[in-house]
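Below: one structure, written as structure tokens.
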Amino acid sequence: MDLIENAFELYLSRIAPPSTEMKAAQRSHNALRDFLLADDYFGPMIVATFLNGSYARNTVIRPIKDVDIIVVTAEDWLKDSPAVAMECLRRKLAQRYDQRRTLRQRRAVRVTLYDMQLDVLIAAAANGGQGPLRIPDRHLDKWIVTHPKAQLALTSELGGATRGNYSRLVRLLKAWSISRVAARDRPSSFVLECAGYHAMRERPSVFVGSIRDAFLTLLEELHRWNFGRPAWFPWGRPEVPDPALPDVNVAERWEMGSVDRFRNRLEVALRHCADVQRSRWDETEVEKWQRIFGQPFPGPESTRRLRAATHSASR
């Protein structure tokens, strides 16, 4: 079993962003936040800025493609339409990052750097950003409710209840999905995180300990839960609630056919996992896990080298 756990640890180290990427992301988002805070127009209106998304929740896998930044302002911004508010922010950011590098998305202004993207969301709040926020949605042409601080708190709490396995399991789920599910059928990273959250939150204790056993349990729970679809209509639309706002379905844009195909890939993975459990030798099991995740998952030899190097370094 040690060899198998070592293989999972090595795989997790391979899919996690290296320290150089993390430091680059930190420099980039700090520079943008400092720019807005120091601005004569925007600075006095900003109540707070904080990070959001998988980078903030420590569930990002390499490479870091984007970093979400929330810029909290007073409720006065709600007087403007979402399109106007976002264009005001975009023009300000264009003063530093160039017109061609700034673009309004559906809910954020995207700043494209040479190595990553910064997605900046302007959020209106009456309480300094501690409670629910309203962010602009250009497609709906209205300010919608979100609660990123509560999301961060809830996932952090679940991380503690699973002894740190929550973020590791979400990373494994994302990596498996990228390797084994067609791009058209994969939901957004946030939907996967929310699905993982709901699969783990009822019985967090079963996800403590062996990462290999915990991941197998996660796949089983996701398949059983079927992304919130009722037993009487298992082919209907998915219902994946936002952990902080249970009435908000974060999977509303995930097509039913894509959900069905994603679940089929889960069934394939579970059949492979059943075969894994019949393995008599650790080396054989590691090779079978490599087939489940794909080549980035280490084989027996590279795992042994890691274990030998770790033991040597600890002496």
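Some notes on this structure:
- Close pairs (8 angstrom Cβ cut-off, 6 or more residues apart or separate chains): within 12 Å of LEU169 (Cβ to Cβ) in region 197-211, assigned to a loop (DSSP other than H, G, I, E, B) and modelled with pLDDT under 95 anywhere: SER210/MET1
- Residues of region 134-145 satisfying the condition of being within 12 Å of ILE70 (Cβ to Cβ) and open to solvent by less than 60 Å² (accessible area, probe 1.4 Å): ILE135
- Among the residues of region 265-282, those that are open to solvent by less than 80 Å² (accessible area, probe 1.4 Å) and either touching a Leu at 6+ places or on another chain (Cβ under 8 Å) or assigned to a helix (DSSP H, G or I) (or both) comprise LEU266, GLU267, VAL268, ALA269, LEU270, CYS273, ALA274, ASP275, VAL276, ASP282.
- Test: PRO238 is part of a loop (DSSP other than H, G, I, E, B) and either within 29 Å of SER156 (Cα to Cα) or open to solvent by less than 10 Å² (accessible area, probe 1.4 Å) (or both): yes
Residue-by-condition table, conditions (1) touching a residue at least 24 places away in the same chain (Cβ under 8 Å); (2) over 27 Å from the mean Cα position of the chain (by Cα); (3) within 11 Å of ALA7 (Cα to Cα); (4) part of a helix (DSSP H, G or I):
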| site | (1), (2), (3), (4) |
| --- | --- |
| ARG263 | yes, no, no, yes |
| THR284 | no, yes, no, yes |
| LYS288 | no, no, no, yes |
| PRO296 | yes, no, yes, no |
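- ILE69 being crowded, with 21+ Cβ neighbours inside 10 Å and in contact with an Asp or Glu (Cβ under 8 Å, 6 or more places away or on another chain): yes
- Residue count, region 23-38 (criterion: surrounded by fewer than 16 Cβ atoms within 10 Å (Cβ to Cβ) and either of a type in the set (Lys, Arg) or over 21 Å from GLN117 (Cα atoms) (or both)): 3
Each row is one residue, and each column tells you yes or no for (1) of a type outside the set (Val, Ile, Thr); (2) modelled with pLDDT of 95 or more; (3) touching a His at 6+ places or on another chain (Cβ under 8 Å); (4) in a loop (DSSP other than H, G, I, E, B).
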{"residue": "LEU78", "(1), (2), (3), (4)": "yes, no, no, no"}
{"residue": "LYS92", "(1), (2), (3), (4)": "yes, yes, no, no"}
{"residue": "LEU121", "(1), (2), (3), (4)": "yes, yes, no, no"}
{"residue": "GLN130", "(1), (2), (3), (4)": "yes, no, no, yes"}
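- Region 104-133 - residue that is more than 21 Å from the chain's Cα centre (by Cα) and surrounded by 16 or more Cβ atoms within 10 Å (Cβ to Cβ) and, of those, nearest to ALA56 (Cα to Cα): GLY129
- Odd one out for ALA83 among (1) assigned to a helix (DSSP H, G or I); (2) open to solvent by 30 Å² or more (accessible area, probe 1.4 Å); (3) at pLDDT below 95: (3)
The values are calculated or read from the model by the stated rules, or taken from the named source; none is laboratory data. On a predicted model such as this, the values are computed, not experimentally measured, just so you know. We place every Cβ from the backbone using ideal geometry, glycine too, and count neighbours over all the protein chains shown. All accessible areas refer to the heavy atoms of the entire protein, side chains included, with ligands and DNA or RNA removed. Shrake-Rupley method; radii C 1.70, N 1.55, O 1.52, S 1.80 Å.
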